[in-house]
Amino acid sequence: MVKLPESMRIAVITWLILLLSASLAWADDWQLPQLMHLLAQKKTGKATFIEKKHLKIIDQPVVSTGKLSFVAPGKLEKHTLTPKPESLVLNGSTLIIDRPGKQRMTVGLEEYPEVAAFIESIRGTLAGDLATLEKLYQIELTGSASKWQLMLLPKQERMRSIFSSIRISGVHADLKTIDIEQRDGDRSEMTITPVAD
């Protein structure tokens, strides 16, 4: 093992201290605009999901699995595979609901502002659309780029009567969990695992 001269050791230690302090300063500066910029860079994404719905009327959670996909700025798809197949495709302000054996439904989100606000919590986060999120929610960000959490608290009275909070966590530009707390005590937890495009 080579022994560094005293002056070289001091230079290396100084460099490490500067590097560490720069990293800490960046971590302290981690704010909502930085997260939204990071998310906005990712234009498409695919993932699998496991969703657990905890309902007051039953003892065990209802578990569903499936696939998600997103294409910026406004296309979001959720294809449930189990326990029953279902497809939800959102393109702009049009939602198409497809269930095997039932008639396909096409819904305009402008007719359902509460549904639109809920959808925008996810789509706005994926797209890094801070303006839309701030219009609908009070937003609290905690953590760092490597492990962050957004707490979305609805601003609209009608939304507040349905949802108390939506918590979205992620790592860098990948969403990892979406937890929804309803006013009636029901809640859902979705775990998301990104897959290669």
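The values are calculated or read from the model by the stated rules, or taken from the named source; none is laboratory data. Computed from a predicted model, the values in this text were never measured in an experiment. Cβ sites come from the backbone with ideal geometry, for glycine too, and all protein chains shown count toward neighbours.
Applying the condition of being within 20 Å of residue 179 (Cβ to Cβ) and touching a residue at least 40 places away in the same chain (Cβ under 8 Å) to the stretch 134-155 and asking which residue is surrounded by the most Cβ atoms within 10 Å (Cβ to Cβ) yields 150. Looking for something surrounded by 10 or more Cβ atoms within 10 Å (Cβ to Cβ), modelled with pLDDT of 95 or more, over 30 Å from residue 132 (Cβ atoms) and of a type in the set (A, V, I, L, M) - is there at least one such residue anywhere in the stretch 63-73? Yes, some residue in the stretch 63-73 is surrounded by 10 or more Cβ atoms within 10 Å (Cβ to Cβ), modelled with pLDDT of 95 or more, over 30 Å from residue 132 (Cβ atoms) and of a type in the set (A, V, I, L, M).
Sort through 42, 52 and tell me the only one that's under 13 Å from residue 128 (Cα atoms), modelled with pLDDT of 50 or more and either charged (D, E, K, R) or in a strand (DSSP E or B) (or both).
Just a single option satisfies the conditions, and that option is 42.
Might you check whether a residue that is modelled with pLDDT of 90 or more, among the β-branched types (Val, Ile, Thr), exposed (fewer than 13 other Cβ atoms within 10 Å of the Cβ) and within 15 Å of the chain's Cα centre (by Cα) occurs anywhere in the stretch 182-197? Checked against the condition, which is being modelled with pLDDT of 90 or more, among the β-branched types (Val, Ile, Thr), exposed (fewer than 13 other Cβ atoms within 10 Å of the Cβ) and within 15 Å of the chain's Cα centre (by Cα), the stretch 182-197 yields at least one hit.
Residue 145: of a type in the set (A, V, I, L, M, F, W, C), in contact with a Lys or Arg (Cβ under 7 Å, 6 or more places away or on another chain) and under 24 Å from residue 34 (Cβ atoms), yes or no? Here the answer is no, as residue 145 does not meet what is asked. One residue is enough: does the stretch 78-86 have a residue meeting the conditions more than 25 Å from residue 44 (Cα to Cα) and without any contact (Cβ under 8 Å) to a residue 60 or more places away in the chain? There is at least one residue in the stretch 78-86 that is more than 25 Å from residue 44 (Cα to Cα) and without any contact (Cβ under 8 Å) to a residue 60 or more places away in the chain.
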